[in-house]
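Only one structure is covered here, and it is reproduced in the block below.
The values are calculated or read from the model by the stated rules, or taken from the named source; none is laboratory data. These numbers were taken from a predicted model, which means no experiment stands behind them. Reconstructed Cβ throughout: ideal geometry from the backbone, glycine too, with neighbour counts over all protein chains shown.
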Amino acid sequence: MTKLSVNVNKVATLRNTRNLGVPSVVRMSTLALDAGADGITVHPRPDERHIRPRDVDEIAALLRRYPRAEYNIEGNPFHGLVDHCRRARPTQATLVPDAREALTSNHGFNLVELGAAERKTLASAVDALHAIGCRVSLFMDAVPDMMSLAKGLGADRVELYTEPYAAAVLDGREGAVVDHYAVAADAARAAGLGVNAGHDLNLQNLPLFLERVRADEVSIGHALIADALELGLAETVRRYSAVCHIR
């Protein structure tokens, strides 16, 4: 079974257009969990464009009422992620190499080209997160040869960046591309890593991906929240969970 973690960033994006606290990320997270989501993901950024530090802490308090659910905090380890995790103590920290000005995450770590100083800092972040009890996942492109390098830095999992797969589905090229992801996932498992996936996965492209790629968890936000505008959040979560849990 693949676990579904619902990313509530886009809920916070909508809320932040007013000063009324509506919609509430805690309320929406509660609805998602009650509908069958296995966890909640947030990605706080330094500019607080969506998730804010208070959200991180309030969702952490919520998750304590759902002992079987997981809390995943994503972010750049050089931009405050470790501090958020020290406060909130999530199940998992997903390290993402996004620039401060990036609209969204758009690539994984290139561990081959990482400088010695950055590599040392990244390894220190992994150690610090382990020390507070977090499972650590590195956001990675589907490059099989890099999986052993991720393991060497101390990662427990990798999260495969799936935007290229989603784009391939739209262009009718999904067959070869999903095979590439399957090879990368197998390489990760051979290196002793768990496998997560996320970015632009939706109800249309998720079934094939999970049929071909053994994933422990998918983190889905943008498409899921967009679908919720039509179907309602609870029904949307049930539909995504059905795809994930049938594996």
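Worth a mention:
- Sole residue being at pLDDT below 95, closer than 23 Å to Asn72 by Cα and either surrounded by 24 or more Cβ atoms within 10 Å (Cβ to Cβ) or over 18 Å from the mean Cα position of the chain (by Cα) (or both), chosen from Arg173, Arg247, Arg238: Arg247
- Against the conditions (1) over 27 Å from Leu14 (Cα atoms); (2) in a loop (DSSP other than H, G, I, E, B); (3) under 18 Å from the mean Cα position of the chain (by Cα), Gly108 satisfies every one except (1).
- Residue check for Arg68: surrounded by fewer than 17 Cβ atoms within 10 Å (Cβ to Cβ), charged (D, E, K, R) and closer than 22 Å to Ala215 by Cα: yes
- Count of segment 42-71 residues, restricted to those that are in contact with a His (Cβ under 9 Å, 6 or more places away or on another chain) and either among the aromatic types (Phe, Trp, Tyr) or not in a helix (DSSP H, G or I) (or both), is 7.
- Breaking point among (1) free of Cβ contacts under 8 Å to residues at least 40 places away in the same chain; (2) within 18 Å of Ala35 (Cβ to Cβ); (3) assigned to a loop (DSSP other than H, G, I, E, B); (4) not basic (Lys, Arg), for Gly172: (2)
- Cβ-Cβ contacts under 6 Å between residues 6 or more apart (or on different chains), taken from a first residue in segment 60-72 that is within 13 Å of Val42 (Cβ to Cβ) and without any contact (Cβ under 8 Å) to a residue 40 or more places away in the chain to a second residue that is surrounded by fewer than 20 Cβ atoms within 10 Å (Cβ to Cβ) and hydroxyl-bearing (Ser, Thr, Tyr), are listed as Tyr71/Thr91.
- In summary, Arg100 fulfils each of the numbered conditions (1) closer than 30 Å to Met147 by Cβ; (2) among the charged types (D, E, K, R); (3) modelled with pLDDT of 95 or more with the single exception of condition (3).
- Residue that is part of a strand (DSSP E or B), touching a residue at least 12 places away in the same chain (Cβ under 8 Å) and crowded, with 22+ Cβ neighbours inside 10 Å, where the choices are Ala150, Ala155, Ala197, Ala188: Ala197
- Some residue of segment 131-143 being assigned to a loop (DSSP other than H, G, I, E, B), in contact with a strand residue (DSSP E or B) (Cβ under 8 Å, 6 or more places away or on another chain) and of a type outside the set (A, V, I, L, M): yes
- Yes/no for Asp83 being surrounded by fewer than 17 Cβ atoms within 10 Å (Cβ to Cβ), more than 18 Å from Val6 (Cβ to Cβ) and modelled with pLDDT under 95: no
- Taken over segment 200-225, the criterion of being free of Cβ contacts under 8 Å to residues at least 60 places away in the same chain and in a helix (DSSP H, G or I) is satisfied by Leu206, Pro207, Leu208, Phe209, Glu211, Arg212, Ala223.
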